[in-house]
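First comes the structure, then the notes that go with it.
The values are calculated or read from the model by the stated rules, or taken from the named source; none is laboratory data. No experiment lies behind these values; they were computed from the predicted model shown. Virtual Cβ from ideal backbone geometry, glycine too; neighbours counted across all protein chains shown. Areas reflect the complete protein model, heavy atoms only, side chains present, ligands, DNA and RNA absent. Shrake-Rupley method; radii C 1.70, N 1.55, O 1.52, S 1.80 Å.
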Amino acid sequence: MPTADRPTVKQAIEKLRSLIDVVPVRLSAIGDEQAAAKRSPDSWSQKQELGHLIDSAANNHQRIARAQMEKGLSLPGYDGDRWVELHGYQNREWHELIDLWRAGNKQLLAAAWSAPEASWSNAVTVGGDEQTVGFVMADYVRHMTEHLRHIGVEVDDLLKASSTGTPSEYPEKPAPAGHPINELMRRRWSPRAFEQGRAVEREKILTMLEAARWAPSCFNDQPRFFIVFDGTDAEALERARGCLVEGNAWALKAPVLMLSIARETFEKTGKPNRWAQHDTGLATENLLLEAVELGLAAHPMAGYDAERARSEFEIPEGYTSIAMIAIGYPYRGNLDDLEEKLRGKELAGRERKPIGAMAFAGRWLAPYA
């Protein structure tokens, strides 16, 4: 009966924990079109291979969780090809599959982490083959690692960097939130370095704008607008770049710029709308969060010449430009290759004032904490 000793099982658990932290951002670097491509008609695409890992997580979670509670457990195996076909991974969104992979492995990790060490020697029969729960765990991580390598994730380099203290999670920089918040909000930050030579797909730009479209606004007036510079009109993109201040020169390398604009009056009444900029900010935040979901980096900036933008892009009176937003795929190269000042900003820690400094209990400056 195949077994695994306790140190091997513990190592597998820690390896899985590390992979959950660093693999999703590497998968996000693969575009949807590339992920759907097949090396040959009979091979799996990257989407299908990641789907297979999702199915593996679902099946092995059952084995690890149930074998802790049931002695002499016997479970069936599963047909990997049929499962991949059944779930239609080839026609699903790549970012959806990345989220499923992350969630499934977090669930499996929770079951493995809470297991008492004595349970690792419990026997479980899978597809007629008897093995210990510890072996199931170790073999699961081994199998997953092999498939991730085949997909194109440099697993060994990621884990080595993590163990030596190198910022292997970059460009991920999750917020050290003091209370539980949505994962997209934790992951959203404002990078300044972009992957060069890689355009942002039009479909992803439209998805971000769709997210912005569904933001709330006062009386549903929808006073927010965006001018998009995606490079299809190279001259327009260069003119937008020309509006940036010197301190935002890093944004010249972003493949997409957007300019957010607020209408100053209500559309129906013509009366001043003092909530217009607030509502434009809500739409912008929707756009920024959707960018994270799509594996993109988006950085809003105040540092641009608003009057020049008004003139260059014929923005009429009664409309106020708010922010220039740099959008692209985040940089994943060697951080040592970045200019020193830029590298320092990219690796700087994230800080926010405490809740009590912004939220008050019943009266001004009485901290809500």
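Which entries of LYS173/LYS204; LYS15/LYS253; LYS204/LYS345; LYS106/LYS345; LYS204/LYS271 show an alpha-carbon separation above 32 angstrom in the structure shown? Pairs exceeding the cut-off: LYS15/LYS253; LYS204/LYS271.
Peptides 361-369, 94-102, 328-336, 213-221 ranked from most to least packed give 94-102, 328-336, 213-221, 361-369, packing being the mean of other C-beta atoms within 10 angstrom over each peptide's residues. Placing a label point 7 Å from the Cα of ASP156 along the Cα-to-Cβ line, no residue of the range 4-29 has its backbone N under 16 Å from it. How high is the FRET efficiency between ARG274 and GLU317 when r is their beta carbon distance and R₀ equals 22 Å, given to the nearest 0.05? My answer for the efficiency is 0.80. Which angle between 0 and 90 degrees, to the nearest 10, do you get for helix 46-69 versus the longest principal axis of the chain when only C-alpha atoms count? Tilt of helix 46-69: around 50 degrees. Each part gets one Cα centre, and for the range 39-53 versus the range 283-354 those centres are 35 Å apart. Quick check: the angle from helix 276-293's long axis to the longest principal axis of the chain, C-alpha only, nearest 10 degrees? It is inclined by approximately 30 degrees. Between LEU75 and ALA29, the modelled label-to-label distance comes to 3.3 nm, taking each label 7 Å out from Cα in the direction of the beta carbon.
Average accessible surface for the chain: 53 Å² per residue, computed with a 1.4 Å probe over protein heavy atoms with every protein chain in place.
Averaged across orientations, what area in nm² does the convex hull of the alpha carbons in the range 272-369 project? Show your work: numbers first, answer last.
Values: hull surface 41.3 nm².
Directional mean of the projected Cα hull area for the range 272-369 stands at 10.3 nm².
Principal-axis analysis of the Cα atoms of the chain puts helix 94-114 at an angle of about 50° to the longest axis.
Sorting the segments 110-118, 253-261, 26-34 by their mean number of nearby beta carbons within 10 angstrom, highest to lowest, gives 253-261, 26-34, 110-118.
Using DSSP to call loops (not H, G, I, E or B), can you name the trypsin sites (Lys or Arg not before Pro) in the range 36-86 whose Cβ has at most 12 other Cβ atoms within 10 angstrom? Intermediate results must be reported in sequence, preceding the final value.
Details: sites: LYS38, ARG39, LYS47, ARG63, ARG66, LYS71, ARG82; in loops: LYS38, ARG39, LYS71.
Those satisfying the criteria are ARG39, LYS71.
Protection proxy ranking for 83-92, 275-284, 346-355, using the average of other Cβ atoms within 10 Å per residue and placing the highest first: 275-284, 83-92, 346-355. Distance between the modelled labels on GLU238 and GLU183, one decimal in nanometres: 4.3 nm (7 Å Cα→Cβ projection).
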